[in-house]
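Taking it in order: structure first as structure tokens, then the write-up.
The values are calculated or read from the model by the stated rules, or taken from the named source; none is laboratory data. Keep in mind the model is a prediction, meaning the values are calculated, not measured. Here Cβ is always computed from backbone atoms with ideal geometry, including for glycine, and neighbour counts include all displayed protein chains. Only protein heavy atoms, including side chains, enter the accessible area calculation; ligands, DNA and RNA are left aside. Shrake-Rupley method; radii C 1.70, N 1.55, O 1.52, S 1.80 Å.
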Number of protein chains: 2
Amino acid sequence: MTQQQEVTIVRYEVCDIRFPTSKHLDGSDAMNKDPDYSAAYIIFYTNDPTLEGHGMTFTCGRGTEVCCSAIEALAVKFINTPLSTLTADMRKTHQICTGDSQLRWIGPEKGAIHLATGAVINAIWDLWAKHEKKPVWKLIVDMTPEEFVACVDFKYITDALTPQEALEILKANQATKAQREVEMRENGYPAYTTSAGWLGKETVIDRDKSGRLTHHGSLFFMHTGYSDDKVRRLCREAKAQGFTYFKQKVGGDKASDIRRAALIREEIGADGVLMMDANQIWDVQEAIDWMQDLLPFKPLFIEEPTSPDDVLGHATIRQALHPHTKVATGEHIQNRIIFKQLFQAKAIDYCQIDSCRVAGVNEIMAILLMAKKFDIPVVPHAGGVGLCEYVQHLSLIDYICVSATIEDRVLEYVDHLHEHFEYPVVIKHGSYVAPLDPGYSITMKRQSIDDYSFPNGRIHKTN
Amino acid sequence: MTQQQEVTIVRYEVCDIRFPTSKHLDGSDAMNKDPDYSAAYIIFYTNDPTLEGHGMTFTCGRGTEVCCSAIEALAVKFINTPLSTLTADMRKTHQICTGDSQLRWIGPEKGAIHLATGAVINAIWDLWAKHEKKPVWKLIVDMTPEEFVACVDFKYITDALTPQEALEILKANQATKAQREVEMRENGYPAYTTSAGWLGKETVIDRDKSGRLTHHGSLFFMHTGYSDDKVRRLCREAKAQGFTYFKQKVGGDKASDIRRAALIREEIGADGVLMMDANQIWDVQEAIDWMQDLLPFKPLFIEEPTSPDDVLGHATIRQALHPHTKVATGEHIQNRIIFKQLFQAKAIDYCQIDSCRVAGVNEIMAILLMAKKFDIPVVPHAGGVGLCEYVQHLSLIDYICVSATIEDRVLEYVDHLHEHFEYPVVIKHGSYVAPLDPGYSITMKRQSIDDYSFPNGRIHKTN
């Protein structure tokens, strides 16, 4: 590329990358028995050999090839497009993916084609940020309120949030933005560590001089399949390590759930925070009845009590359990339109966005703004592969530009598969260190891409 | 296969079949500009060379390959499975597709993977019905209420309809079922013909001795792109031919919509039925404001006023426009859980199910039952390719077993692409003749499959 030439996308590569995690995990719950944490991954190559845009959507093994097929269908639209054309109107760039008149039929804005949109749009943000030599969060934080709003597709959400209201939210935070950026650069964004009992290993993130964990908070997952003795022992060990948040998987057998909730509460004490996660196992009335019996153990919230599509169901459940426990959901919520309704119907207390189930950065910006208007804390879904790398940017954007608070926010951290990324997340003193490398932190090492490519990578060949 | 051997699925074939209809259509609306009516098609082969199961999901061209990839991911699960194992528990067979712990991530129960489930499940019903030497509608009509209910997955809908309530609906109709079956065999199911102005051709279905059309009702589409003179001329011609239902595409330009609605109403008179279709073009308040200005022309309903994901939005629109016009939607509604909420929230007046967007026959059975309970007429979406062949079975099942009425029902018929099917729909005296050939009427001619296979079929090579 000569200096006169504009940066232009010239080709792309789509990779089906699967980590055989089901071989090592105990498995977590009835719905997600044996995930092989995977990525439908795209690289946009440009006429500048030093500049690439990387993006991925998270998947669970089988079905990654379906998302890869959907990514191909979208990526081809961007060939021979100058980057400046795409970045001049990011709302329109987003709509190139969501508005294809033929592809729209297989969504619209949901399922495989929308997961693929997440990968493609995020890759364009990664490319833009790398070109600007900034991390994605900083690229967005540096936008004026008008520029921020211009990235958002307000289609189908204006009954909940108008562009004018969005502008007012952002403008109100403008004067104090720099101060929050400094704070984040100095202290990072508080992390809650997920040490998963079912991972079968102890996860140690960061200790102070005395050897104690220095998490702001920490979260300990309990697999439903463990014996009472094992749960008790794991609770004690986790508590001794400084863990203060405990998440119990529920929904298998009610008597067991009650017995186990009692013993966890006994072990963690009145101060320990107990969360419950049902992974969509219940129907609406079943969720209410089951949770009634678990309320004595004072869970902070019940996560995914029923189908992610059931706005009214979540509202009914929340109403029945309020104020004894809260309702959280989001990792399976398909798009901004369902989030809008969850907010409108007062159906949830925590908004657990997934960075690549919805259509990438632009749609996340819409959801952050709606959550702010409806005063619901955004607690991104992390874990899997690549999700921690993505969400650190989103929480920084949320705090610096939109919500302007970290109260009641939980940014999950799972110590898993980070070694495959060029710029993995860094946790220090219990916080995510604000990433400073250009891009969206999602660039995977070439060796990892090659080794874990399915079905022909080294790992899959030799296993 | 020897006589002792059970019928068993031994292999499958997945075909990407595309009809280049965008070359011949004027195009219908802003959202679906240039559909290439397509099918992601599957054939299950058995150990009996005379017995195959065929199924498809309808698509619009690009993206068919994504659905084909999803069909592959599901179809492989059925290899070496005896048919009797699948038919012994059709609820479980349905759940084999919807419950895969890894594939579930790329849905759940929505988008490409759910469209694929529709194709696969329908192919199994086709196989079963062919083995029983019955059409699919008759296979189901012959079920006891208990057997019917056993096909339905009630997961996530029991707050709207319990298995017991479903049983009661079916039992109440049991005594008069045979009588309705006789009626359908004699008279067929009333068809409303869609002659599409934008197809650029006159569609003549059936005339009586005097040469007049004998439709029970008929529907004439008006493309937004036509001049006022052309619309006026088309209205006169259609009315002279006996058309009584007219559908106006709206949402492009409000002044044009108003002017055109006025002249259509003038041409069709007070007795002509005017429907309006917005193809999801509006936000919620926009839909209300726009329709307020069209109410003077007395539209029967507004179809797809906003996003198919927006249950609360549809409810708001319906409430604002009630009782001056009605609200219809369905062809883009992803699954029974969204339909449930549309019913619960009193958000729609007509339920326009799509036979292969939801997960095939089983999920349709669930929706028919819920619609009956909430007293909402089911008006299947037809047209495209293969949809008329499918929906004739569904309306027969609805009438004979579930709703027990044809009042306010409209079974659309479009005279398009039927020549590619082995057992195409037959219209006689303005009604769908009850199909008697074994199976689900969806078996495509081998020559058509080969000619229209994308990208290597004869049609695509030579064009």
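Here are the numbers:
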{"read-out": "Ordering of A:175-187, A:323-335 by packing [mean C-beta count within 10 Å, highest first]", "value": "A:323-335, A:175-187"}
{"read-out": "Heavy-atom accessible area, 1.4 Å probe, ligands and nucleic acids excluded: residues of the range A:105-124 down by at least 40 Å² from chain alone", "value": "A:TRP105, A:ILE106, A:LYS110"}
{"read-out": "Residue-wise HN-Hα coupling along the range B:421-430, computed from phi with Karplus coefficients 6.51, -1.76, 1.60 (Hz; x: Gly, Pro)", "value": "9, 5, 10, x, 4, 10, 10, 9, 6, x"}
{"read-out": "Solvent-accessible ranking of B:VAL426, A:VAL273, largest area first, probe 1.4 Å", "value": "B:VAL426, A:VAL273"}
{"read-out": "Charge dipole magnitude, Cβ of K and R +1, D and E -1 - chain A, Cα centre, debye nearest 20", "value": "440"}
{"read-out": "Cβ neighbours within 10 Å from other chains - mean over A:310-320", "value": "4"}
{"read-out": "Solvent-accessible heavy-atom area per residue, rounded to whole Å², over the range A:357-463 at 1.4 Å", "value": "33"}
{"read-out": "Surface share of carbon and sulfur [accessible, 1.4 angstrom probe, percent] for the range A:177-441", "value": "49"}
{"read-out": "Label point 7 Å beyond Cα along the C-beta direction, distances from B:GLU422 to other copies (nm, shortest first)", "value": "5.4"}
{"read-out": "Per residue Cα convex hull volume in Å³ - calculated over the protein assembly as shown", "value": "179"}
{"read-out": "Under the span-like rule (Cα at least 24 Å along the axis, Kyte-Doolittle mean at least 0.5), DSSP H helices of chain A", "value": "A:111-131"}
{"read-out": "Heavy-atom accessible area ranking, 1.4 Å probe, most first, across B:HIS381, B:HIS322", "value": "B:HIS322, B:HIS381"}
{"read-out": "Sites matching GluC sites (Glu not before Pro) across the range A:386-463 that sit in DSSP coil, with at most 12 neighbouring C-beta atoms within 10 Å", "value": "A:GLU407"}
{"read-out": "Cut-off under 5 Å, modelled amide H: who pairs with A:LYS134 long-range", "value": "A:GLY439"}
{"read-out": "Dipole moment magnitude, nearest 20 debye, the protein assembly as shown about Cα centre, only Lys, Arg, Asp, Glu C-beta charged", "value": "120"}
{"read-out": "For residues of B:64-73, the mean tally of beta carbons on other chains within 10 Å", "value": "6"}
{"read-out": "Projected area averaged over orientations for the range A:177-441, convex hull of C-alpha atoms, nm²", "value": "13.6"}
{"read-out": "Candidate residues A:TRP128, B:TRP282: accessible-area rank, largest first, probe 1.4 Å", "value": "A:TRP128, B:TRP282"}
{"read-out": "Whole-angstrom gap from the range A:341-399 to the range B:56-79, using each part's C-alpha centre", "value": "31"}
{"read-out": "Amide H partners (placed H, <5 Å) of A:LEU411, local residues excluded", "value": "A:TYR192"}
{"read-out": "With all protein chains modelled, accessible area of A:TYR440 [1.4 Å, Å²]", "value": "0"}
{"read-out": "Reciprocal of mean inverse Cα separation for the range A:77-201 (Kirkwood radius, Å)", "value": "17.3"}
{"read-out": "The range B:221-332: relative contact order as a whole-number percent, Cα under 8 Å and 6+ apart", "value": "23"}
{"read-out": "Rounded to whole Hz, the Karplus (6.51, -1.76, 1.60) HN-Hα couplings of the range A:146-160, x for glycine and proline", "value": "5, 5, 4, 4, 5, 7, 8, 8, 7, 3, 6, 10, 5, 6, 10"}
{"read-out": "Among beta bridges that DSSP assigns inside the protein assembly as shown, antiparallel share in %, nearest 5", "value": "50"}
{"read-out": "Proximal charge balance of B:TYR192 [Cβ under 12 Å; K/R count +1, D/E count -1]", "value": "0"}
{"read-out": "Relative contact order [Cα under 8 Å, 6+ residues apart], the range B:177-441, whole percent", "value": "20"}
{"read-out": "7 Å along Cα→Cβ, label-point gaps from B:THR405 to other copies, nm, shortest first", "value": "5.1"}
{"read-out": "Antiparallel DSSP beta bridges within the range B:177-441, as percent of all bridges there, nearest 5", "value": "15"}
{"read-out": "Neighbourhood net charge (12 Å Cβ-Cβ; Lys/Arg +1, Asp/Glu -1) for A:THR306", "value": "-4"}
{"read-out": "Burial order of peptide ranges A:163-170, A:227-234 (average beta-carbon count within 10 Å, highest first)", "value": "A:163-170, A:227-234"}
{"read-out": "Closest approach to the axis - chain B beta-carbon, rotation onto A, Å", "value": "B:GLY111, 1"}
{"read-out": "Chain B - mean residue ellipticity at 222 nm from DSSP helices (-39,500 (n - 2.57) per run, n ≥ 4, rounded to 500)", "value": "-11500 deg cm²/dmol"}
{"read-out": "Percent RCO, i.e. relative contact order, over chain A, from Cα pairs under 8 Å lying at least 6 residues apart", "value": "19"}
{"read-out": "Dipole magnitude of the range B:177-441 about its Cα centre (Cβ charges: Lys, Arg +1; Asp, Glu -1), debye to nearest 20", "value": "500"}
{"read-out": "q = 0.10, 0.12, 0.13 Å⁻¹, chain A: log10 I(q)/I(0) [Debye, one scatterer per Cα]", "value": "-0.71, -1.05, -1.24"}
{"read-out": "Selection from A:HIS393, A:ALA178, A:ILE364 lying farthest towards where the dipole of the range A:177-441 points positive, charges on Cβ", "value": "A:ALA178"}
{"read-out": "Amide hydrogen neighbours beyond the local backbone of B:THR46, cut-off 5 Å, H modeled", "value": "B:VAL10, B:LEU51"}
{"read-out": "Given charges at Cβ of Lys, Arg, Asp, Glu: the protein assembly as shown dipole, positive-most of A:PHE243, A:PHE297, A:ILE348", "value": "A:PHE243"}
{"read-out": "Rounded to the nearest 10 Å², the accessible area of B:LYS372 at probe 1.4 Å", "value": "80"}
{"read-out": "Distances in nm from B:GLY269 to the matching label points in the other copies, shortest first (labels 7 Å along Cα to Cβ)", "value": "8.6"}
